[in-house]
Amino acid sequence: MVEYALSLDSVFSSLADPTRRDILQRVSKQRMSVSEIAQPYDLSFAAISKHLKVLEKAKLIAKRRRGKEQIVELSLSGLAEANQYLEAYRQMWEERFEALDELLRKEV
């Protein structure tokens, strides 16, 4: 349970940063090299590498070597854990809205 909570903390803290969310969005469309990812940002290569390490630790991306380049691609395992966590709350709210809807129908 503690490991699961730490994993979720890692995912949500990763997604709290706008640069990392943007990187994740771009990588979700296509695999990219680290240099391609770094290109549009006014950040050092080291800063981009740190962002990528955070995303990788949260299991939101995966890196692999292709020759001298590192290729980054989306990894769904971190997002799947976050989705599972949020799904329980979605179901709870749906049940509450259905109960409220039922109550309002009885009142009218």
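The values are calculated or read from the model by the stated rules, or taken from the named source; none is laboratory data. Bear in mind that the values here come from a model prediction, so they are computed numbers and not experimental data. Cβ sites come from the backbone with ideal geometry, for glycine too, and all protein chains shown count toward neighbours. The protein model used for the area step is the full one, side chains on, heavy atoms only, and it has no ligands, DNA or RNA in it. Shrake-Rupley method; radii C 1.70, N 1.55, O 1.52, S 1.80 Å.
Considering only residues that are at pLDDT 95 or above and part of a helix (DSSP H, G or I), look in segment 36-45 and name the one that is surrounded by the most Cβ atoms within 10 Å (Cβ to Cβ). Out of the qualifying residues, it is Ile37.
Scanning segment 78-108 for residues being open to solvent by 100 Å² or more (accessible area, probe 1.4 Å), over 30 Å from Leu52 (Cα atoms), assigned to a helix (DSSP H, G or I) and not basic (Lys, Arg) gives a total of 5. Here are the criteria: (1) open to solvent by 100 Å² or more (accessible area, probe 1.4 Å); (2) at pLDDT 90 or above. Tell me which single one Glu73 does not satisfy. Every condition holds for Glu73 apart from (1).
When segment 50-108 is examined, which residues are found to be of a type in the set (Ser, Thr, Tyr) and out of contact with any helix residue (DSSP H, G or I) (no Cβ under 6 Å at 6 or more places or on another chain)? Once the filter is applied, which keeps residues that are of a type in the set (Ser, Thr, Tyr) and out of contact with any helix residue (DSSP H, G or I) (no Cβ under 6 Å at 6 or more places or on another chain), segment 50-108 yields Ser75, Ser77, Tyr89. Of the residues in segment 61-68, not one is among the β-branched types (Val, Ile, Thr) and at pLDDT below 90.
Taken over segment 17-35, the residue count meeting the criterion of being in a helix (DSSP H, G or I) and open to solvent by 60 Å² or more (accessible area, probe 1.4 Å) is 6.
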